[in-house]
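To start, the structure under review is shown below, and the notes come after it.
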Amino acid sequence: MRYELYYWPMIQGRGEYVRLALEEAGARYDDVARHGNGMAAMTRMMDAGKGTPPFAPPFLKDGKLVIGQTANILLYLGSRHGLAPKAEAGRLWVHQLQLTIADLVLEVHDTHHPLGPSLYYEDQKAPAKKRTDEFWKERVPKYLGYFEDLLAANGGAYVTGRRLTYVDLSLFQIVEGLRYAFPKRMKAFERKVPGLVELRDRVAARPNIKTYLASDRRIAFNEEGIFRRYKALDT
């Protein structure tokens, strides 16, 4: 049976963390909103008003089961495709790490939209610059330093040790996104997190991920997504 992934068709966004897991697993899936009447189908599911409708994409449909929220979807996929530990304690630990990544993703978004997503970036340039400076001074070292320390402490190729989990795939996306949105700042910062840079390279070289990145299934970064490149914020 094919999974059905529902997410905005023009951006990577939060759906990309799910795509990376599905691609690494070699799972069959349909990125529904990217063709035909997929956008309308996605809207109908959110507006169902009965059952367990998701609040917003991404959400995943597996048979009759519909699962929303990125970390929740990855918790579901991880145990089914060898992308999470088998023991409950390990699964919860990896889920906890993914929730931490979700917090970081929100803070990335707030660098360019600190006053709220309903306003244009052009309406909040000064607050965005202030928020971005604080983000790079205080928040990036805290978040990336945390994951860098985990890599060093566990002494393996991946965050939890020798085996890849969906958290490693998500950290690959974080590094890629920060490189896109803040090329100057990230280049200067990378020397502080060599383990994460090596992890990024290790994930990129995995056969299924390498094939995905070279395909048209991988949507390019752009200024509609979470990671946005604004020259004024990368100084």
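Among the listed residues Leu196, Leu171, Leu164, which satisfies the condition of being of a type in the set (A, V, I, L, M, F, W, C), over 18 Å from Leu104 (Cα atoms) and either modelled with pLDDT of 95 or more or in a helix (DSSP H, G or I) (or both)?
Numbers: Leu196 fails: over 18 Å from Leu104 (Cα atoms); Leu171 fails: over 18 Å from Leu104 (Cα atoms).
Result: Leu164 is the single residue among Leu196, Leu171, Leu164 that is of a type in the set (A, V, I, L, M, F, W, C), over 18 Å from Leu104 (Cα atoms) and either modelled with pLDDT of 95 or more or in a helix (DSSP H, G or I) (or both).
Looking at (1) in contact with a helix residue (DSSP H, G or I) (Cβ under 6 Å, 6 or more places away or on another chain); (2) crowded, with 16+ Cβ neighbours inside 10 Å, which is the one condition that is false for Asn208?
(2)
Out of Pro114, Pro58, which single residue is in contact with a Lys or Arg (Cβ under 8 Å, 6 or more places away or on another chain) and under 17 Å from Glu16 (Cβ atoms)?
None of the other options fit; the residue is Pro58.
For (1) not basic (Lys, Arg); (2) not assigned by the TED database to the domain that holds Arg139, each residue gets a yes or a no:
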{"residue": "Glu190", "(1), (2)": "yes, no"}
{"residue": "Val193", "(1), (2)": "yes, no"}
{"residue": "Leu199", "(1), (2)": "yes, no"}
{"residue": "Arg202", "(1), (2)": "no, no"}
{"residue": "Arg217", "(1), (2)": "no, yes"}
{"residue": "Asn222", "(1), (2)": "yes, yes"}
{"residue": "Gly225", "(1), (2)": "yes, yes"}
{"residue": "Arg228", "(1), (2)": "no, yes"}
{"residue": "Leu233", "(1), (2)": "yes, yes"}
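Looking at the range 43-78 only, could you name the residues that are assigned to a helix (DSSP H, G or I), at pLDDT below 95 and not basic (Lys, Arg)? Full working, then the answer.
Start the filter on the range 43-78 by keeping residues that are assigned to a helix (DSSP H, G or I), which leaves 43-46, 70-78.
Narrowing the set further to residues that are at pLDDT below 95 leaves 43-46.
The answer is Thr43, Met45, Met46.
Which of the residues spanning the range 71-127 are more than 22 Å from Val203 (Cβ to Cβ) and of a type in the set (Ser, Thr, Tyr)?
Thr111, Ser118, Tyr120, Tyr121
Just checking, does the range 113-124 include any residue being hydrophobic (A, V, I, L, M, F, W, C) and buried (at least 16 other Cβ atoms within 10 Å of the Cβ)? Spell out the reasoning first.
So the first thing to find is which residues in the range 113-124 are hydrophobic (A, V, I, L, M, F, W, C), and the list is 115, 119.
If we keep only those that are buried (at least 16 other Cβ atoms within 10 Å of the Cβ) as well, we get none.
Checked the range 113-124: no residue is hydrophobic (A, V, I, L, M, F, W, C) and buried (at least 16 other Cβ atoms within 10 Å of the Cβ).
Which of the numbered conditions does Thr235 fail, given that it passes all the others? Conditions: (1) β-branched (Val, Ile, Thr); (2) exposed (fewer than 14 other Cβ atoms within 10 Å of the Cβ); (3) not in a loop (DSSP other than H, G, I, E, B).
(3)
So, in the range 48-83, of the ones that are hydroxyl-bearing (Ser, Thr, Tyr) and within 15 Å of Gln98 (Cβ to Cβ), which residue ends up most open to solvent (accessible area, probe 1.4 Å)?
Residues of the range 48-83 hydroxyl-bearing (Ser, Thr, Tyr): 52, 70, 76, 79.
Add one more test, that the residue is within 15 Å of Gln98 (Cβ to Cβ), and what stays is 70, 76, 79.
Working: Thr70: 19, Tyr76: 36, Ser79: 62 Å².
Among those residues, the one meeting the criterion is Ser79.
The values are calculated or read from the model by the stated rules, or taken from the named source; none is laboratory data. Please read these numbers as outputs of a predicted model, since none were measured by experiment. Note that we place each Cβ from the backbone using ideal geometry, even for glycine, and neighbour counts take in every protein chain shown. We work out accessible area using only protein heavy atoms, side chains counted, and drop any ligands, DNA or RNA first. Shrake-Rupley method; radii C 1.70, N 1.55, O 1.52, S 1.80 Å.
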